[in-house]
Amino acid sequence: MKKVILLTIPLILFTACGKEKNPEDYVRAENFVIVTSTVLPKTAINDEKTETETVEKKNIGYSLKDKDIELIVDGKTVQTIKCEYIPDDKKIKVADFNFDGYDDIFIPYDNFGSYKTFGDYYCYVSIENKFTKNSELSKIGKILTIADEGILYERQDDEYTDRIIEYKWTDGKLNPFKKTEIYVTAENGIMHTDVYKYTEDGKEYLETSTP
């Protein structure tokens, strides 16, 4: 039985390769927030296929006005997402989640804590100059962080276990490939680290358990 102990996974797990993008500028007024962000990568991993191309630099961001989120490209509103609530702008994330060279946006369903925040991912499609919901990202539906190019991770912290699930983009599909759990057992008070891997058909199996 696992003892109720909070743990923090050492930062070394992701410090070396972390590349999470944060919005660069916040311009606040009485009833809206504008966030802008630029893009750097040139390796394209699309929702449907993987390809390499040189992308044109775009300034992508959003404007939050009450329940509406206006998606902005190079200073112009190209699309409006209507929500049933007033989104918490701290839960909205702008980053290149599908690694196609353009920033995308995560819009939460609710305003719960980060562990329980669910939402949809809208990815920028340059040829159409608009955003479309990404099925691979939205099937996970939780806040993800960029760990390395082609790899995202989700962190789940509860009162029992520190857990990190890593996802990898392969041929346009986003699948889990590794899960790490750290906890302390009530029986002997020893810290355990369990590492799980996934088969090609998505089945989870325990690879290592220490001590």
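The values are calculated or read from the model by the stated rules, or taken from the named source; none is laboratory data. Only a predicted model underlies this, so the values are computations on that prediction, with no experimental measurement involved. Please note: Cβ atoms are built from the backbone with ideal geometry, for glycine as well, and neighbour counts cover all protein chains shown. Side chains are part of the model used for accessible areas, which takes the heavy atoms of the whole protein and leaves out ligands, DNA and RNA. Shrake-Rupley method; radii C 1.70, N 1.55, O 1.52, S 1.80 Å.
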Under the rule of at least 5 residues apart or a separate chain, name every residue whose amide H is placed under 5 Å from the amide H of Phe131. Val125
May I ask you to evaluate 6.51 cos²θ - 1.76 cosθ + 1.60, the Karplus curve with θ = phi - 60°, for each residue of the range 72-79 and list the ³J(HN,Hα) values in order in whole Hz, giving x for glycine and proline? 10, 10, 6, x, 10, 6, 10, 6
How many percent of the accessible area of the range 90-211 is carbon or sulfur, using a 1.4 Å probe? 50
In square angstrom, what is the accessible area per residue of the range 84-211 with a 1.4 angstrom probe? 47
Evaluate E = 1/(1 + (r/R0)^6) for Val125 and Thr170, where r is the Cβ-Cβ distance and R0 equals 22 Å; express this FRET efficiency to the nearest 0.05. 0.60
What ³J(HN,Hα) values, in whole Hz, does the Karplus curve 6.51 cos²θ - 1.76 cosθ + 1.60 give for the range 173-184 when θ = phi - 60°, with x put for Gly and Pro? 10, 10, 10, x, 10, 7, 10, 10, 10, 10, 7, 10
Convert each backbone phi in the range 84-90 into a coupling constant with the Karplus relation 6.51 cos²θ - 1.76 cosθ + 1.60 (shift: θ = phi - 60°), then list the ³J(HN,Hα) values in order as whole Hz, x for Gly and Pro. 8, 8, 8, x, 7, 4, 6
Loop-resident trypsin sites (Lys or Arg not before Pro) in the range 166-207 with no more than 15 other Cβ atoms inside 10 Å, DSSP not H/G/I/E/B, are Lys203
Rounded to the nearest 10 Å², what accessible area does Phe99 show when all protein chains are kept and the probe is 1.4 Å? 10
Tell me which residues come under 5 Å, amide H to amide H, from Thr185 once H is placed; ignore anything under 5 positions away on its chain. Lys3, Ile190, His192
